[in-house]
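A quick write-up on the structure given underneath.
We did not get these values from a lab; they are worked out from the coordinates using the rules stated. In this text, all values refer to a predicted model and were calculated from it rather than measured experimentally. When we count neighbours, we look across all protein chains shown, and the Cβ atoms used for this are built from the backbone with ideal geometry, even at glycine.
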Amino acid sequence: DKSRSHHPKCFREGKVNWETFILEYMQDVYRLLYAVRTCFPSAKKVLWRTTPEVAVDDRNPWWHIVPPYITSYMNNAAKYAANKNGFEMIFMDIMAAGRASDMTWTPDGIHQSSTFNKEYFNVLLNVLVDSFR
């Protein structure tokens, strides 16, 4: 039932001003990362759950509403906000690229599974271990 969806009404109705949406998103991310910079001034990197590629099947009833370029714009907006705050952004979902239709990695077609999260955590731990050698 789409009327009970947790997605914004504008998504459900397909009435989105994408330019405004992206600009507001970038401002929100900038403010969030500014607060992080204030609280953790020595931080250099931020692990970011990027806007993932989504499956184009019936697991995701609104896949056709969000144009693919919007996903790219959201990721670029987050990267811009990170750079403006002096962070290097580590894109978490890049590892799942091309696997949106793989039930093992993205069971609902949108969010990564615990299998994905374990694999990503393993990669992250290896990077951290190497950085302290």
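Using θ = phi - 60° in the Karplus curve 6.51 cos²θ - 1.76 cosθ + 1.60, the 3J(HN,Hα) couplings for the range 29-44 round to 5, 4, 4, 4, 6, 5, 5, 4, 4, 5, 7, 10, x, 8, 5, 10 Hz; x is entered for Gly and Pro. Can you work out the FRET efficiency for the pair ALA97 and VAL36, with r the C-beta to C-beta distance and R0 = 30 Å, to the nearest 0.05? So, using R0 = 30 Å, E works out to roughly 0.75. Packing around the peptides 79-87, 120-128, 31-39, taken as the average count of other Cβ atoms within 10 Å per residue, puts them in this order, highest first: 79-87, 31-39, 120-128. I want to make sure I understand the PRE zone here: with the label point 7 angstrom from the Cα of ILE22 toward its beta carbon, which residues in the range 74-89 have backbone N atoms less than 16 Å away? Within reach of a label on ILE22, which here means backbone N under 16 Å from a point 7 Å along Cα→Cβ, the range 74-89 contributes 74-82. Reducing the range 66-88 and the range 92-133 to their Cα centroids gives an inter-centroid distance of 19 Å.
Subtracting the Cα-Cα distance of LYS15 and ILE110 from 0.36 nm times their residue separation leaves 32.1 nm of extension gain. Checking the cross-link pairs LYS44/LYS118; LYS15/LYS84; LYS79/LYS118 against a 26 Å limit on the alpha carbon distance flags LYS15/LYS84 as lying beyond it.
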